[in-house]
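**Q** If you scroll down you'll find the structure; I have some questions about it.
The values are calculated or read from the model by the stated rules, or taken from the named source; none is laboratory data. Not measured: the values here are computed from a predicted model. Cβ placement follows ideal geometry from the backbone for every residue including glycine, while neighbour counts extend to all protein chains displayed.
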Amino acid sequence: MLGGDGLARWRGMPVFVPRAAPGDVVEARITERRPSYARAEIEEVKTPGPLRREAPCPFYERCGGCQLQHIEDAEQLGLKVAAAVETLRRLGGIAPAQLAACRFEEPVSERAWGYRLRAQVHVASRSDGDASPEESVGVGFRRRRSHDLVFVDRCPVLAPALENELRGLPSLLGGPAAASKTQPSRLSLATAGLEPDSPVVAAPPGDGLPGGELEIDLLGKRLSYDARCFFQAHGGLLESLLLSAVGPFDGEAAVELYAGVGFFTVGLADRYRSVTAVEAESVAARYARNNLRRNGLRHCRVDRSAVESWIDRRRGGPGLEPGLDRVLVDPPRAGLPRKVRSALLSAAPRRLTYVSCDPATLARDLGDLTRDFDLESISFFDVFPQTAHIETVAQLRRRR
């Protein structure tokens with residue numbers, strides 16, 4: 001499995017087949033050919049493999065949100081870890097000796113359904129004849145590999161409070177009270193917990209859809225955020241992910257790049273005498289400052305700046321100073337730009353922690369970073385069950 005796709009071979013060429021499971025015998029149609037690989041779509045499953053099941057969600061075959069619902073819950077994490085490890089071995093240029101010496105921790109998982117604390121749904125008028133006059137507006141997610149919308153009235157990976165809100169959105173957005181108003185084309189929803197009565201906020205807010213902030217307890221700290229902010233999605237893995245990333249290490253000075261609302265910052269604050277958190281997005285940076293203030297973390301500060309500018313003295317940034325005890329990075333899916341990787345190698349902090357949501361860009365970046373850092377451990381977290389995505393925490397130490 002790679003990126004959630006099954007892997008087959010046709011005339012020696014790798015063929016990626018979405019919705020295939022290990023051991024399946026399928027009849028598939030080639031839909032795309034490239035010099036080194038091809039893609040195909042299943043026409044018929046002739047013989048299902050031992051891991052295949054009927055997808056629990058009725059929208060799965062059309063919706064592009066999940067990729068692995070056709071595989072038994074208990075088997076998904078092992079397949080994702082194996083694919084991630086293979087990606088690290090093959091794509092990153094990481095020295096085999098480094099990977100051989102690295103400690104691979106036991107993968108961490110929690111609930112496989114009803115876990116997701118935030119979602120972004122698309123809104124559009126319905127003209128399919130299935131909607132009642134009170135539900136002339138539909139909400140849903142993009143079709144797989146398409147911009148077309150799949151209207152849904154449930155989503156079993158959402159936290160219960162979010163799924164309950166999803167069911168009522170068509171009536172709320174398409175009812176008489178909303179008829180004279182311009183509806184958003186996209187709606188962000190977030191909740192603070194996994195209980196059915198957890199509060200839900202929206203961006204943009206509207207009638208029956210409150211805005212405002214949420215507050216969550218995290219290892220004795222209080223963090224606030226709203227529906228516009230990035231926040232770790234799996235409500236059952238927040239504490240274990242934070243503890244793994246921060247680890248048992250301590251020291252004088254730490255820097256966190258791509259800090260968001262301060263999720264990892266509050267953990268670093270317990271172990272370092274000074275912490276600088278760098279975040280470009282204005283709303284997230286404001287919440288990060290407020291979260292530090294409300295928890296009395298006066299030895300921490302937030303710099304609102306794009307990371308590439310912050311590390312670049314030529315643009316007026318402070319630069320990554322040599323001698324830091326710790327740098328923690330949690331970049332978006334595109335990974336670390338080359339300039340940031342170079343700055344980390346030049347500054348050579350004593351310890352580097354990389355939190356990644358994409359094994360391919362992590363492999364690329366570690367291929368550079370392990371020139372001067374030793375890869376100590378890698379931990380995998382099933383932050384997005386039923387999907388191909390996996391969260392990775394890599395701990396590195398400056399080579400002596």
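**Q** Looking at 50, 56, 22, which one is more than 18 Å from residue 387 (Cβ to Cβ) and either among the charged types (D, E, K, R) or not in a strand (DSSP E or B) (or both)?
**A** After ruling out the rest, the residue left standing is 50.
**Q** So in segment 156-170, with the set limited to residues that are charged (D, E, K, R) and more than 12 Å from residue 208 (Cα to Cα), which one is modelled with the lowest pLDDT?
**A** Ranking the candidates gives 167 first.
**Q** Among (1) in a loop (DSSP other than H, G, I, E, B); (2) crowded, with 20+ Cβ neighbours inside 10 Å, where does residue 270 come up short?
**A** (2)
**Q** Of the residues 364, 341, 326, 351, only one is of a type in the set (Lys, Arg), crowded, with 23+ Cβ neighbours inside 10 Å and not assigned by TED's automatic domain parsing to the domain that holds residue 144; which? So that I can check it myself, show each step before the final result.
**A** On the way: 364 fails: crowded, with 23+ Cβ neighbours inside 10 Å; 341 fails: crowded, with 23+ Cβ neighbours inside 10 Å; 351 fails: crowded, with 23+ Cβ neighbours inside 10 Å.
Exactly one residue qualifies, and that residue is 326.
**Q** Run down 187, 173 and say which single residue is in a strand (DSSP E or B), within 18 Å of residue 122 (Cα to Cα) and either in contact with a His (Cβ under 9 Å, 6 or more places away or on another chain) or modelled with pLDDT under 95 (or both).
**A** Details: 173 fails: in a strand (DSSP E or B).
From the options 187, 173, the qualifying one is 187.
**Q** In segment 113-126, what residues are in contact with a His (Cβ under 8 Å, 6 or more places away or on another chain) and assigned to a loop (DSSP other than H, G, I, E, B)?
**A** Of segment 113-126, the ones in contact with a His (Cβ under 8 Å, 6 or more places away or on another chain) are 115-117.
Listed by number, the residues that qualify are 115, 117.
**Q** On to the next question. Regarding residue 47, is this residue over 23 Å from residue 149 (Cα atoms) and among the polar types (S, T, N, Q)?
**A** Details: over 23 Å from residue 149 (Cα atoms): yes; among the polar types (S, T, N, Q): yes.
Taking the combined requirement at face value, the residue satisfies it.
The rows are residues; the columns are (1) without any contact (Cβ under 8 Å) to a residue 60 or more places away in the chain; (2) closer than 19 Å to residue 377 by Cβ; (3) outside any helix (DSSP H, G or I).
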| site | (1), (2), (3) |
| --- | --- |
| 76 | no, no, no |
| 79 | no, no, no |
| 82 | no, yes, no |
| 87 | no, yes, no |
| 93 | no, no, yes |
| 97 | yes, yes, no |
| 100 | yes, yes, no |
| 111 | no, no, yes |
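**Q** So which strands (runs of 3 or more DSSP E) are wholly in segment 191-247 and hold at least 1 residues that are more than 27 Å from residue 380 (Cα to Cα)?
**A** The strands (runs of 3 or more DSSP E) meeting that bar are 200-203, 214-218.
**Q** Of the conditions (1) surrounded by fewer than 16 Cβ atoms within 10 Å (Cβ to Cβ); (2) of a type in the set (Ser, Thr, Tyr); (3) in contact with a helix residue (DSSP H, G or I) (Cβ under 9 Å, 6 or more places away or on another chain), residue 198 clears all except one; give me its number.
**A** If we test residue 198 against (1) surrounded by fewer than 16 Cβ atoms within 10 Å (Cβ to Cβ); (2) of a type in the set (Ser, Thr, Tyr); (3) in contact with a helix residue (DSSP H, G or I) (Cβ under 9 Å, 6 or more places away or on another chain), just (1) comes out false.
**Q** Confirm whether residue 277 is touching a residue at least 24 places away in the same chain (Cβ under 8 Å), outside any loop (DSSP other than H, G, I, E, B) and surrounded by fewer than 19 Cβ atoms within 10 Å (Cβ to Cβ).
**A** Details: touching a residue at least 24 places away in the same chain (Cβ under 8 Å): yes; outside any loop (DSSP other than H, G, I, E, B): yes; surrounded by fewer than 19 Cβ atoms within 10 Å (Cβ to Cβ): no.
No: the conditions fail for residue 277.
**Q** Something else: Quick check: anything in segment 138-150 farther than 29 Å from residue 229 by Cα, in a loop (DSSP other than H, G, I, E, B), modelled with pLDDT under 90 and out of contact with any His (no Cβ under 8 Å at 6 or more places or on another chain)?
**A** Residues of segment 138-150 farther than 29 Å from residue 229 by Cα: none.
Within segment 138-150 (the criterion being farther than 29 Å from residue 229 by Cα, in a loop (DSSP other than H, G, I, E, B), modelled with pLDDT under 90 and out of contact with any His (no Cβ under 8 Å at 6 or more places or on another chain)), the answer is no, since none of the residues qualifies.
**Q** Give 263, 230 a once-over and let me know the one that is closer than 30 Å to residue 170 by Cα, outside the structural domain of residue 183 (by TED's automatic domain parsing) and not acidic (Asp, Glu). First the steps, then the outcome.
**A** On the way: 263 fails: closer than 30 Å to residue 170 by Cα.
Just a single option satisfies the conditions, and that option is 230.
**Q** If you don't mind, there's one more thing I want to ask. Would it be correct to say that residue 84 is in contact with a helix residue (DSSP H, G or I) (Cβ under 7 Å, 6 or more places away or on another chain), of a type in the set (Gly, Ala, Ser) and either surrounded by fewer than 13 Cβ atoms within 10 Å (Cβ to Cβ) or more than 28 Å from residue 122 (Cβ to Cβ) (or both)?
**A** On the way: in contact with a helix residue (DSSP H, G or I) (Cβ under 7 Å, 6 or more places away or on another chain): yes; of a type in the set (Gly, Ala, Ser): yes; either surrounded by fewer than 13 Cβ atoms within 10 Å (Cβ to Cβ) or more than 28 Å from residue 122 (Cβ to Cβ) (or both): yes.
For residue 84, the condition - in contact with a helix residue (DSSP H, G or I) (Cβ under 7 Å, 6 or more places away or on another chain), of a type in the set (Gly, Ala, Ser) and either surrounded by fewer than 13 Cβ atoms within 10 Å (Cβ to Cβ) or more than 28 Å from residue 122 (Cβ to Cβ) (or both) - is met.
**Q** Moving on. Only one of these conditions is not met by residue 320: (1) crowded, with 19+ Cβ neighbours inside 10 Å; (2) over 22 Å from residue 109 (Cβ atoms); (3) at pLDDT 95 or above. Which number is it?
**A** Single failed check for residue 320: (3).
**Q** Regarding residue 166, is this residue more than 30 Å from residue 320 (Cα to Cα), surrounded by 15 or more Cβ atoms within 10 Å (Cβ to Cβ) and outside the structural domain of residue 323 (by TED's automatic domain parsing)?
**A** Here the answer is yes, as residue 166 does meet what is asked.
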